[in-house]
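Structure, as structure tokens:
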Amino acid sequence: MPANVTVIDHPLVQHKLTLMRRAETSTAKFRTLLTEISMLLAYEVTRDLPLKYEAIQTPLATMDAPVLAAEKKLVLVSIMRAGQGILDGMLQLIPSARVGHIGLYRDPSTLIPVEYYFKVPHDIEDRDMLVVDPMVATGNSAIAAVDRLKETNPKSLKLVCLLAAPEGIQNFQTYHPDVPIYTAAIDEKLDEHGYIIPGLGDAGDRLFGTK
Ligand code: URA
């Protein structure tokens, strides 16, 4: 296992991922599964969020109870367009998180990412950032996104995906060895078009039904 990579091998994650991989899984089902799996990924990735204690009143007593110290300081950044699927799931679990978007598409001939949109919240310096994209294939989009996001100086940065190719992880870590990667699986390889094998196909097309 490469350093700084966490494979989230929880049985529910693995089961749902298998359903997503199946070619016969419909767009509606794929979307639901991506939402569900993203909640489970969020659960793991946010394990180290700090807590603070607030005095509350239960029906029976007062107590000092734990709450997230900085829920509104968390920024989820979606690499469009497929990142939207992970974003939707994570927001169900962390509804007060702030959201950024970065629009990148892969030039089909060069596989180089081209930026077409960039918007993130202000005051990034004291925010923890989770960058989400279902597929880390060549790693080029993730590298470009993190290059750009590092310019905003977040307090911390993690990359969360569903599937990664070994080539993509290696490429990403050449540029950003300091950024932890969380993924549900590391697949075998990339094909000549930059698709992950065995993978799940084009995540954006499967999520939005564009093919
Ligand atoms: N992007 C996808 O959506 N799927 C892949 O297999 C690779 C990149």
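The values are calculated or read from the model by the stated rules, or taken from the named source; none is laboratory data. What you see is a predicted model, and the numbers here were worked out from it, not measured in a lab. Side chains included, ligands, DNA and RNA excluded: accessible areas come from the protein's heavy atoms. Shrake-Rupley method; radii C 1.70, N 1.55, O 1.52, S 1.80 Å.
Measure nothing fancy, just the Cα-based angle from helix 140-150's long axis to the longest principal axis of the chain, in degrees from 0 to 90, nearest 10.
Its long axis makes an angle of about 40 degrees.
When the C-alpha atoms of the chain are aligned to their principal axes, what extent does each axis show, in angstrom, from largest down?
Here the spans come out as 62, 38, 33 Å, largest first.
Could you tell me how far the Cα centroid of the stretch 1-53 sits from the Cα centroid of the stretch 109-152, in Å?
If you average the Cα positions of each part, the centres end up 20 Å apart.
May I ask for the percentage of alpha-carbon pairs in the stretch 52-93 that lie more than 11 Å from each other?
Result: 72 percent of Cα pairs exceed 11 Å.
Summarise the accessible area of the chain (1.4 Å probe, protein heavy atoms) by the percent that is carbon and sulfur.
Heavy-atom surface of the chain belonging to carbon and sulfur, 1.4 Å probe: 54 percent.
Calculate how many DSSP beta bridges within the stretch 47-159 are antiparallel, expressed in % of all such bridges and rounded to the nearest 5.
If I count the DSSP bridges inside the stretch 47-159, around 45 percent turn out antiparallel.
Compute the angle between helix 11-21 and the longest alpha-carbon principal axis of the chain, please, reported from 0 to 90 degrees and rounded to the nearest 10.
Tilt of helix 11-21: around 40 degrees.
For the Cα atoms of the chain, what angle does the longest principal axis make with the long axis of helix 166-175, in degrees from 0 to 90, nearest 10?
Compared with the principal axis, the helix lies near 60 degrees.
How fast does the stretch 119-211 diffuse by Stokes-Einstein, in µm²/s, taking the Kirkwood radius from C-alpha pairs at 25 °C and 0.890 mPa s?
D, rounded to a whole number, is 177 µm²/s.
Ignoring ligands, DNA and RNA, what accessible area per residue does the chain give at 1.4 Å, in Å²?
Result: 51 Å² per residue.
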